[in-house]
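J.: My structure is below; once you've seen it, I'll send some questions.
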Amino acid sequence: MTHKLIPFLCALLPMAVSAQTIYRCTDANGGVLISSSRVDKNCQAIAVDQHNTLPAPKARASSTPTPASFPRVQDDTQKARDSDRRHILEQELSGEQKRLDQAKKDLADQEARRATPEQLGPYRDRIAQHERNLQAIQKELGNLR
């Protein structure tokens, strides 16, 4: 939790002073203090402000292992689920492609009737929506194992 506070506290420190060093001090209880001066020997310099900027905090990977008691899915069960998901997405893709084709036909019919651009707007919007849906489904299919 204290690691999440460091960037926030560093942002609150005044940045106007040139060549300022920022220290991270940890007390005996594990509490963290961010300061512009060294409070005691347990303080470590974490940033030196030479150009009125601080370096971005380093991202930390989670080092918490998955507990042994965490429920696991058998490989064959997961493969069956993935197969079902692929099948459902392929059905959605097919249905969405049919709806896109129909929307394009509807637009062509309206254009043949010489509809005004304002009247054609909803037809074009519907085509654009179906195209976005197709892209999203294709992306989901691409993410499957």
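J.: When the stretch 15-29 is examined, which residues are found to be at pLDDT 50 or above and open to solvent by 80 Å² or more (accessible area, probe 1.4 Å)?
T.: Here is the first cut: in the stretch 15-29, the residues at pLDDT 50 or above are 19-29.
If the condition is that a residue be at pLDDT 50 or above and open to solvent by 80 Å² or more (accessible area, probe 1.4 Å), then Asp27, Ala28, Asn29 are the ones that fit.
J.: State whether one or more residues within the stretch 86-95 are of a type in the set (S, T, N, Q) and open to solvent by 80 Å² or more (accessible area, probe 1.4 Å).
T.: Yes, the conditions are met somewhere in the stretch 86-95.
J.: Hey, among the residues in the stretch 48-79 that are open to solvent by less than 90 Å² (accessible area, probe 1.4 Å) and more than 28 Å from the chain's Cα centre (by Cα), which one's modelled with the highest pLDDT?
T.: Thr77
J.: Next question, about the same structure. Leu144: surrounded by 10 or more Cβ atoms within 10 Å (Cβ to Cβ), farther than 30 Å from Gly31 by Cβ and either over 23 Å from the mean Cα position of the chain (by Cα) or modelled with pLDDT under 85 (or both), yes or no? Break it down stepwise before answering.
T.: Working: surrounded by 10 or more Cβ atoms within 10 Å (Cβ to Cβ): yes; farther than 30 Å from Gly31 by Cβ: yes; either over 23 Å from the mean Cα position of the chain (by Cα) or modelled with pLDDT under 85 (or both): yes.
Yes, satisfied.
The values are calculated or read from the model by the stated rules, or taken from the named source; none is laboratory data. Here the structure is a predicted model, which is why all the values come from computation and not from measurement. Note: ideal-geometry Cβ built from the backbone for every residue, glycine included; neighbour counts use all protein chains shown. Calculation scope for accessible area: heavy atoms of the full protein, side chains included, ligands and nucleic acids excluded. Shrake-Rupley method; radii C 1.70, N 1.55, O 1.52, S 1.80 Å.
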